[in-house]
Amino acid sequence: MTDPAASLTIFYIVEPPEYESMACYLLASIRARFAGTVQAIGYCPAHRYDALHPAVHVAHAKMGAEIRTFHTDARFDPPYPHGNKILAALEPRETKWSMFVDSDVLFIRDNAAANILRDGHVSCSMAASMLWAEQSIWEDIYGALDMDIPPERYPLMRRSKAPLIPYFSSGLVGFPETDTTGKGRFADIWYETAQIVDKIETLDRRRPYLDQMTLPAAIRRAGFNWNILPEEQHFILGGKLKNEPLPTDRDIYTIHYRNMDNLRQSGKLSEARENHKRLTGEKFVRRLA
């Protein structure tokens with residue numbers, strides 16, 4: 001495929017209080033590890049925009065990224081904060097490709113869009129675990145969507161006694177921005193799929209897992225296949241690996257650290273702050289204002 005580096009936007013949620021500093025460290029890692037042609041956008045729910053710390057705006061300006069807003073009113077009923085990634089994905093972007101990344105992610109090795117994206121595919125990784133439900137849940141989900149359960153089976157990233165029906169993490173998802181299959185824009189299909197599944201009243205615990213449980217079906221409904229990324233491209237910390245050091249026998253490109261304690265335990269907190277200092281002049285985000 002043609003190298004899409006000049007036509008990729010990496011986007012994420014920047015929301016006070018928890019996700020505004022994390023988002024700045026993420027942005028610094030994007031600038032440190034990807035080509036300068038990659039665009040970056042932080043999305044803030046419109047009703048939270050005025051609460052952003054002024055330093056967050058300074059950090060984004062210094063690192064050449066935008067902060068845009070999106071509306072959450074009446075988009076999910078009841079409100080579904082975990083669905084903000086879907087709502088942000090719906091927003092228009094100017095590049096051929098987009099990649100959503102959770103705010104608690106850090107890129108720690110030089111990378112390229114061509115290592116992640118693939119024509120005709122949505123790129124994502126296996127989920128770490130699926131302890132919250134039995135496999136019978138997929139019968140309800142695919143039944144409501146009038147789809148067959150996918151025949152493929154894969155082991156989960158962490159806790160998997162056997163290969164399972166596809167279940168992906170939504171912490172890093174790369175997708176084409178335009179409708180390349182004639183079935184609609186992927187982000188629109190993901191949102192539509194989530195709306196259908198969210199109305200299955202017998203489906204327990206669809207919150208907060210709605211975004212992940214609908215991702216495999218949305219990929220197929222949009223006419224794409226999934227490009228399952230190797231663990232090195234989305235290495236999920238915590239859980240089974242809590243307090244474990246990063247592997248030294250392979251190259252880890254991206255860590256999903258989940259919380260600052262895990263980032264500190266991984267030994268990468270200082271790197272996150274040094275990246276930020278090199279690009280903005282300050283280690284700590286709030287010192288910018």
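The table below gives the values:
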{"quantity": "Test: residue 226 is outside any helix (DSSP H, G or I), within 17 Å of the chain's Cα centre (by Cα), of a type in the set (Phe, Trp, Tyr) and surrounded by 18 or more Cβ atoms within 10 Å (Cβ to Cβ)", "calculated": "yes"}
{"quantity": "Test: residue in region 182-190 that is among the β-branched types (Val, Ile, Thr) and over 17 Å from residue 75 (Cα atoms)", "calculated": "no"}
{"quantity": "Scan of region 1-58 for residues that are farther than 18 Å from residue 259 by Cα and at pLDDT below 95, ordered by number", "calculated": "1, 2, 3, 4, 5, 6, 7, 35, 36, 37"}
{"quantity": "Close pairs from region 272-289: first under 21 Å from residue 254 (Cβ atoms), partner assigned to a helix (DSSP H, G or I) and of a type in the set (Lys, Arg), Cβ under 9 Å, at least 6 apart", "calculated": "275/31; 275/33; 279/31; 279/62"}
{"quantity": "Count of residues meeting criterion [surrounded by fewer than 20 Cβ atoms within 10 Å (Cβ to Cβ) and closer than 14 Å to residue 76 by Cα] in region 201-223", "calculated": "3"}
{"quantity": "Residue that is surrounded by the most Cβ atoms within 10 Å (Cβ to Cβ), among those in region 170-192 that are closer than 15 Å to residue 83 by Cβ and small (Gly, Ala, Ser)", "calculated": "187"}
{"quantity": "Region 99-152, residues that are without any contact (Cβ under 8 Å) to a residue 60 or more places away in the chain and either loosely packed, with under 13 Cβ neighbours inside 10 Å or assigned to a loop (DSSP other than H, G, I, E, B) (or both)", "calculated": "130, 131, 134, 135, 136, 139, 143, 146, 148, 149, 151, 152"}
{"quantity": "Extreme residue, surrounded by the most Cβ atoms within 10 Å (Cβ to Cβ), among residues of region 276-285 that are out of contact with any Ser or Thr (no Cβ under 6 Å at 6 or more places or on another chain) and part of a helix (DSSP H, G or I)", "calculated": "276"}
{"quantity": "Single unsatisfied condition, residue 288 versus (1) within 19 Å of residue 170 (Cα to Cα); (2) surrounded by 19 or more Cβ atoms within 10 Å (Cβ to Cβ)", "calculated": "(1)"}
{"quantity": "Scan of region 157-177 for residues that are at pLDDT 95 or above and aliphatic (A, V, I, L, M), ordered by number", "calculated": "164, 165, 172, 173"}
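The values are calculated or read from the model by the stated rules, or taken from the named source; none is laboratory data. Treat the numbers as computed from the prediction; the structure is a model and nothing was measured. Cβ sites come from the backbone with ideal geometry, for glycine too, and all protein chains shown count toward neighbours.
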